[in-house]
Amino acid sequence: MYDPTRPLVVQSDHSLLLEADHPEFEAARDFLSRFAELLASPEHVHTYRITRLSLWNAAESGAKAQDILAGLTQFSKFPVPENVLYEIQDTMQRYGRLVLTRDGQGRLVLSADEAELLREVRGHDRVAALLGDPIDARTCSVPEGSRGALKQQLLRIGWPVRDLAGHAHGAPLPLALRDATVSGKPLALRPYQERAVDAYWAAGRAEGGSGVVVLPCGAGKTLVGIAAMAKAQASTLILCTSTLAVRQWIAEILDKTTLSPEDVGEYTGSRKQLRPVTVATYHIASHQKGHLSLFSAQDWGLIVYDEVHLLPAPVFRLTADIQARRRLGLTATLLREDNHEGDVFSLIGPKKFDAPWKELEGQGWIATAHCTEVRVAMSETTRERYAAAEEREQFRIAAENPAKLAAVQELVAQHLAQGDRILVIGRFLSQLHDLSQALSAPLLTGETPQGERERLFSDFRSGALSLLVVSNVANFSLDLPEASVAIEVSGTFGSRQEEAQRLGRLLRPKADGRAAHFYALVTGGSQEQQFAALRQRFLTEQGYRYRIAAFSQAHSDAVVDLGAERRRRAGAEGGSGNA
């Protein structure tokens, strides 16, 4: 029966429409986030989609089909379509019907719960080519080298396999977490970090040792990785996005474990140190020449993939060959702009733990963040250029709108006066050079020498520098916990991943308890405004709301007034809530 008091509409194409202004919005949003993907989040109605992968990740996390169906029925205005009810049940019951294990002789085998199912999957040529001889009606052998590729192919035909074949222990490496860091600060895992490690490790059972932990930037993913190393007690390979990230990992390992500098090596373009714990870049791991491969260079007991959502295709191929090694993926979001989430699921493992951003914010583990989309008008000259340009060029014209400079100057002046440390982030180097010059602020790009980068970071952390203009190098593995304001002047089309990473630069709790402010400058009435709505989807799913502010040079006090209103409201609410 139709019930207009409920917030949700479930449609037969597996899309879900959720009223954002409804009193039950937050409860329904939190429920949907367990098994559905957010597609769009305009002001009044948010659109979700149920996918096979989202349901299989939910199944791995312990969700039951009957609980999902009951929740949809509870929140839906209309009866849930029969095809949706059936397909949720059918999809979720597929997970775990195929299992990779080892038989009494230690052979890798694929087992099905029914003989008919094994016959069905063997009927697919690409699957059959990866299987060995039948053992009985429900079991067949699997060549060791086919383990990863088989999981990929089975997922693609709709039969995700549960891998319980176990992992090699690797070369022993005794280590422990310190009780205090080298500087003397007490060290202990936070409760959610302990839960993440326990979910991944699974008490050393076969179902543990492969999978992904999802935590917001600033929530301590590196420490979760280090704690997993302490569980494994084995030689470890850690893969990162950049040399800067490699060195940050090494510093954290030496600060927080009993390992010595001789135990930990950097494997990058400038250094080739193969140690019991080796930290390397994805680039160097996937472009090695000759016979040596980092993946086979040592008897690794654990491989950690930092920022696993950025895993490049060559590393996927290498990972398919080392499925006997324990694998841990760390990320703030499982979203991939190349739609290879299924390969992460197959080759690294399913999602083992996911902590909602707003939940950690409410507990004080990450900073309260206020998000504002500042819409900037185009001058008549810019609008004429925009109208005459081809579609792809229109995006760049809007992104580099010269009128954004005045908005940036207003925001920078406002927040410098409040003692904030500010990152101005963008995609286009010409725009960033102009901003750097106009703001008299240093510019950091991919071409900045490593020594100069580290000097700028040091000055920013110490407070000697309060304003830094940065390119896309700031998207990942940039450890500047003192940053409390980010002004995004341009981005990569509709990249949800990038938006989440940029906000993540601000989420480390501040020593004085101040909130973080994230501003996305968008040219109103342009392609950029449409892409901005796409970029914001993931953060909206996490519970963040963007306030919309208009700005023009003729009314430049608009943004300042919004800041005053935000401070007034924060004071009235005790500093909590969203912008």
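Listed values, structure above:
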| quantity | calculated |
| --- | --- |
| In region 309-329, the residues that are of a type in the set (A, V, I, L, M) and buried (at least 23 other Cβ atoms within 10 Å of the Cβ) | Leu311, Leu328 |
| Matching strands (runs of 3 or more DSSP E) fully within region 183-286 where at least 1 residues are outside the structural domain of Lys151 (by TED's automatic domain parsing) and over 26 Å from Phe345 (Cβ atoms) | 264-267, 277-281 |
| Matching residues, region 55-73, being over 11 Å from Pro350 (Cβ atoms), surrounded by 14 or more Cβ atoms within 10 Å (Cβ to Cβ) and among the polar types (S, T, N, Q) | Thr73 |
| Any chance Gly491 is small (Gly, Ala, Ser), surrounded by fewer than 20 Cβ atoms within 10 Å (Cβ to Cβ) and at pLDDT 70 or above | no |
| Some residue of region 345-360 being within 30 Å of Ala511 (Cβ to Cβ), among the basic types (Lys, Arg), in contact with a Gly (Cβ under 6 Å, 6 or more places away or on another chain) and touching a residue at least 12 places away in the same chain (Cβ under 8 Å) | yes |
| Residue within region 126-144 that is out of contact with any Phe, Trp or Tyr (no Cβ under 7 Å at 6 or more places or on another chain) and in contact (Cβ under 8 Å) with a residue 60 or more places away in the chain present | yes |
| Neighbours by Cβ (under 8 Å, 6+ apart or cross-chain): first from region 206-233, over 15 Å from Arg178 (Cα atoms); second among the hydroxyl-bearing types (Ser, Thr, Tyr) and assigned to a helix (DSSP H, G or I) | Gly208/Tyr200; Gly209/Tyr200; Gly211/Tyr200; Val213/Tyr200; Leu215/Tyr192; Ala219/Tyr192 |
| The lone exception for Ala232 - which of (1) touching a Lys or Arg at 6+ places or on another chain (Cβ under 8 Å); (2) surrounded by fewer than 23 Cβ atoms within 10 Å (Cβ to Cβ) it fails | (2) |
| Complete set of residues in region 420-440 that are touching a residue at least 12 places away in the same chain (Cβ under 8 Å), not in a strand (DSSP E or B) and not basic (Lys, Arg) | Asp420, Gly426, Phe428, Leu429, Ser430, Gln431, Leu432, Asp434, Leu435, Ser436, Ala438, Leu439 |
| Subset of region 181-203 [surrounded by 13 or more Cβ atoms within 10 Å (Cβ to Cβ) and over 14 Å from Val304 (Cα atoms)] | Thr181, Leu187, Leu189, Arg190, Tyr192, Gln193, Glu194, Arg195, Ala196, Asp198, Ala199, Ala202 |
| Counted residues, region 114-133 - those being out of contact with any Leu (no Cβ under 8 Å at 6 or more places or on another chain) and either among the hydrophobic types (A, V, I, L, M, F, W, C) or over 12 Å from Leu98 (Cβ atoms) (or both) | 11 |
| Sole residue being farther than 30 Å from Gln529 by Cα, modelled with pLDDT under 95 and among the charged types (D, E, K, R), chosen from Arg107, Arg138 | Arg107 |
| Filter pass, Ala486 being modelled with pLDDT under 90, under 17 Å from Ala532 (Cα atoms), not assigned by TED's automatic domain parsing to the domain that holds Thr241 and not in a loop (DSSP other than H, G, I, E, B) | yes |
| Options Gly211, Gly220, Gly204: the member that is farther than 30 Å from Ala516 by Cα and within 15 Å of the chain's Cα centre (by Cα) | Gly211 |
| Residue that is farthest from Ser346 (Cα to Cα), among those in region 32-54 that are among the hydroxyl-bearing types (Ser, Thr, Tyr) and in contact (Cβ under 8 Å) with a residue 24 or more places away in the chain | Ser41 |
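The values are calculated or read from the model by the stated rules, or taken from the named source; none is laboratory data. From a predicted model like this one, the values you see are computed outputs, not experimental measurements. All Cβ positions, glycine included, derive from the backbone under ideal geometry; neighbour counts span all protein chains shown.
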